[in-house]
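The values are calculated or read from the model by the stated rules, or taken from the named source; none is laboratory data. None of the values given here were measured: they were computed from a predicted structure. Cβ placement follows ideal geometry from the backbone for every residue including glycine, while neighbour counts extend to all protein chains displayed. Protein only, heavy atoms only, side chains kept; ligands, DNA and RNA dropped before computing areas. Shrake-Rupley method; radii C 1.70, N 1.55, O 1.52, S 1.80 Å.
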Amino acid sequence: ASAVSVLFFLTACASGPSIVTNAAPNFDLVGYQTFSYLQPLSTDNGNVRTIISTELIDATTGRLENAGLRYVERGGDLLVNFVVSTRETLQTRSTPSSGMSVHHGMGRYGTWGGYSMSMSTTEVVQRTEGTIGIDIIDGQRKQLVWEGAATGRITDKARQNRAAAIDMAVGEILEQFP
């Protein structure tokens, strides 16, 4: 699976994506006034800005500004980076079912009959799980000070509206930002 497909999962999970965050000890926004995006971002293709990077930036900028930070093109007090990944999983499900067959035949020593019955069937389903991560780095010390990630199942429904899925994931991650 490509990094592009990771961004399609978030709108279709019934319970929403799983969110995990982590902050450096004593991290506080006091003293940080500006933010920039890492150049190049992990989601870029070398020095080429990808559509996904642009969508992640669009979803992130306003939320960080609402947290009291000001966007600057370069040299921000905080640097923002994105990480995307996918993982294929196999899930087995047993489904109760009933089936019966009756058979009758003629053998060397006479007739015979019988039946067979099945009680369940097992189905193997392959799913793609995706993760979007946001890293916040102290621009002066070049040290990670906060990170958050959303993990969930990629579905066809979410694939149809990628920008909304990205916006929702970033929103849920940054709800946890100080």
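Summary of values
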item	result
Qualifying residue in the range 36-49 (condition: in contact with a Leu (Cβ under 8 Å, 6 or more places away or on another chain), surrounded by fewer than 14 Cβ atoms within 10 Å (Cβ to Cβ), over 15 Å from ILE132 (Cβ atoms) and not hydroxyl-bearing (Ser, Thr, Tyr))	no
Flag if GLU88 is modelled with pLDDT of 80 or more and charged (D, E, K, R)	no
Condition check for ARG63: in a helix (DSSP H, G or I), charged (D, E, K, R) and either open to solvent by 20 Å² or more (accessible area, probe 1.4 Å) or at pLDDT 95 or above (or both)	yes
Any hit, the range 42-51, residues being modelled with pLDDT of 70 or more and among the hydrophobic types (A, V, I, L, M, F, W, C)	yes
Neighbours by Cβ (under 9 Å, 6+ apart or cross-chain): first from the range 30-43, free of Cβ contacts under 8 Å to residues at least 24 places away in the same chain; second of a type in the set (Lys, Arg)	PRO40/ARG49
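Residues are listed down the side, and each one gets a yes or a no for (1) open to solvent by 40 Å² or more (accessible area, probe 1.4 Å); (2) modelled with pLDDT under 70; (3) in a strand (DSSP E or B):
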| site | (1), (2), (3) |
| --- | --- |
| ILE57 | no, no, no |
| GLY75 | yes, no, no |
| VAL83 | yes, no, yes |
| PRO96 | yes, yes, yes |
| MET100 | yes, yes, yes |
| TYR115 | yes, yes, yes |
| THR128 | no, yes, yes |
| VAL145 | no, no, yes |
| ALA163 | yes, no, no |
